[in-house]
Every structure is written in structure tokens, then in C-alpha cells.
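Below: one structure, written as C-alpha cells.
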Amino acid sequence: MPLSDFPCDQYLERIGLVQPVEVSAECLRALHRAQLTSLPFENFDICLGRGVDVSAQGILAKLIGQRRGGYCFELNGLLLMALEAFGFEARALLGRVHLSGTPTGRSHQVSLVTLDKRQWLVDAGFGTNTPRAPIPLTPDTPLHIGDQTLQLVENARYGIMLQSLMGAQWVDLYSVDFTTVCEGDIQMANHFTSTWPGLHFTTSRMAALATPEGQISLSDFTLKILRGGAASEQLLPPGAAYLAALEEHFGIVLEASYEDLAPL
């Protein structure tokens, strides 16, 4: 898609950002924060068997036209298009997820932004562990963002590793290297991630949305709300009440019946 065709005004309305956009670190943080708190991470099109279209037209139609969320290839795909349209120097990277202790293939999309001779890792699509702000590409420098403490460390095998401090332990989230990422790489990674039996995206229902006070997340039927350091948890009932909760907490309107969702 030509940059001139990106619907900048519609995007800004979708994320609720009213300030003028300029190429600066402040606006980079503002764009990231606004999208993160407006567009939910969610995998319900996978649960519905609809597939995930990561073309520019598909992403715009779903996330802006239908006012839905998505997962990393959609959320970070949209953010990358927006950054480029607003004049930022940005490109896609693909990362390996390490949360299980065994690295995956390159199955997580993020963006690398170069600004004033500095580089930033920008991610709006890693579920409950999504960084709350762009991360300067400065290894071994802990960054405190609300209730998150993150750092990047150099890794001889995998490039740069993003870690999160959980309790007293640094946990590996994902690694990125800086090889060129083509549209075909993203298409292949998206197809595998959204269709392979046994992956959590194809076996679980999930959603997450950052809020100014914390975060709301859903794992199958368990809804968790973190607000001001206090956490609450409830089980959602199946049926129409489940779909109503998706709309109430995440703004997700599926245009489908509960019975259409894939069984767990």
C-alpha cells in the first residue's frame, strides 16, 4: 500500500489520539500508548475459523473498519503502517518467543524505529506481556514502565533478548535479530501461528487490553482485571453472557453466535 493511501485521520480517531503527530520520541510514545489502550490483543477470528489476513487492506478493514483487535501481525502491522505514514523510519522485525523455555521459530512481529540516531523496539502486540512503551535499544539498562520492569540483553545465539523482571527473576520474553523481513516472511509466520494444531492461538481464547490503571485480560473463561496494583478474577459463563463480556471489557463485537466459537 502506498504511504499516501494510509487513512491517518481514521487511524487517529480509532486510537483516540487528538494531539498533532510529528516525528519525535514523544509522539512515538504517544502513538504506541494510544493504540495499546484502544485496540485489544485477541485471537477470536482464529477461534471462528476465519483465518487472519495480514495484508494492508485486511488489517485496515478489520482493525479500523470493523473496530476489532488482533494479534501481533495485525496490531504491529497496523502500527508499522501508521509510523511510516507519519514519517517515522521504521521496519518490521520477526522474533522468537522464549516464554516456554524453548524458543519458537520467528513467529512474533515487532517494529524497529530509528529516530535521531537512536533505535527503539516498538511492540503493541504481545498479549499480557506487551511492553507499555517503546524500548530504547540500549542493552543492560532496566526500564521501569508502570508495573513493568524490562531490559534488553545481548544474546550470542539469538541477537537481542527482551526480558521482564517477574518477582526476583529475569524472564526471557522474546529475541530479535536484525535480518531483513519480507512480506513473505510475515505471511508464512502468520499462517503457521494461526493454523498449527497445538499452538495456544489455535487451542485457547484470549484477549488483553492495557488500561491507564493496569490491564484487563482473558484466558478462555477466566477474566482478570488489574487496577492500581489490585487484581480481581472471575469466571465468565458460556453463551450470550460471554459475548457480552467481550464487548464490555474489550470492545470486541464478533458478529457470531457463541456456538460458532471453536470448542476448547
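What nm distance separates the two modelled labels at TYR258 and ASP5, each placed 7 Å from Cα along Cα→Cβ?
Using points 7 Å along Cα→Cβ, the separation is 4.1 nm.
Taking only the C-alpha atoms, wrap a convex hull around the range 187-227 and report its volume per residue in Å³ as a whole number.
Here the figure is 65 Å³ per residue.
With the Cα gyration tensor of the range 3-260 giving a ≥ b ≥ c as the square roots of its eigenvalues, does the rule (a/c under 1.5 for rounded; else a/b larger than b/c for prolate; else oblate) give rounded, prolate or oblate? Don't jump to the answer; show the numbers that get you there.
Numbers: a/c = 1.34, a/b = 1.20, b/c = 1.12.
Rounded, since a/c falls under 1.5.
Provide the FRET efficiency to the nearest 0.05 for the GLN169-GLN19 pair, computing r from the beta carbons and using R0 = 41 Å. Can you show the working numbers first?
Working: r = 38 Å, r/R0 = 0.93.
Efficiency for this residue pair is about 0.60.
May I ask you to derive the relative contact order of the chain, considering only C-alpha pairs under 8 Å and at least 6 residues apart, and to give it as an integer percent?
Relative contact order for the chain comes out at 18 percent.
Check which residues have an amide H placed less than 5 Å from PHE126's amide H, if you skip close sequence neighbours.
The list, which skips near neighbours in sequence, is empty: none.
I need the Kirkwood Rh of the range 104-174: take the reciprocal of the average 1/r across all distinct C-alpha pairs and report it in angstrom.
Evaluated on the range 104-174, it is 12.7 Å.
Taking square-rooted eigenvalues a ≥ b ≥ c of the alpha carbon gyration tensor, is the range 143-264 rounded, prolate or oblate, where a/c under 1.5 means rounded and, failing that, a/b exceeding b/c means prolate?
Numbers: a/c = 2.46, a/b = 1.29, b/c = 1.91.
Taking the square roots of the gyration eigenvalues as a ≥ b ≥ c, the range 143-264 is oblate.
What are the ³J(HN,Hα) values, in whole Hz, obtained from phi via the Karplus relation 6.51 cos²θ - 1.76 cosθ + 1.60 with θ = phi - 60°, for each residue of the range 24-34 in sequence order, with x given for Gly and Pro?
Karplus values, whole Hz, x for Gly and Pro: 7, 5, 4, 6, 4, 5, 5, 4, 4, 5, 5.
More than 19 Å apart: what percent of Cα pairs in the range 4-58 qualify?
Above the 19 Å cut-off, the range 4-58 has 43 percent of its Cα pairs.
Normalise the Cα radius of gyration of the range 32-80 by 2.2 N^0.38 Å (N = residues in it) and let me know the number.
This ratio for the range 32-80 stands at 1.03.
Note down the net charge around PHE41, summing +1 for each Lys or Arg and -1 for each Asp or Glu among other residues with Cβ under 14 Å from its Cβ.
Numbers: positive: LYS62, ARG68, ARG132, ARG205, LYS224; negative: GLU42, ASP45, GLU74, ASP123.
Surrounding charge for PHE41 is +1.
Run lengths n ≥ 4 of DSSP H only: what is the helix-derived mean residue ellipticity at 222 nm for the chain, with -39500 (n - 2.57) per run over all residues, to the nearest 500?
Details: 8 runs with 70 residues, N = 264.
That calculation yields -7500 deg cm²/dmol at 222 nm.
Bear in mind that the values in this text are calculations on the coordinates, not laboratory data. This structure is a prediction, so every number in the text was calculated from the model and none was measured. Note that each Cβ is placed from the backbone with ideal geometry, even for glycine, and that neighbours are counted across all protein chains shown.
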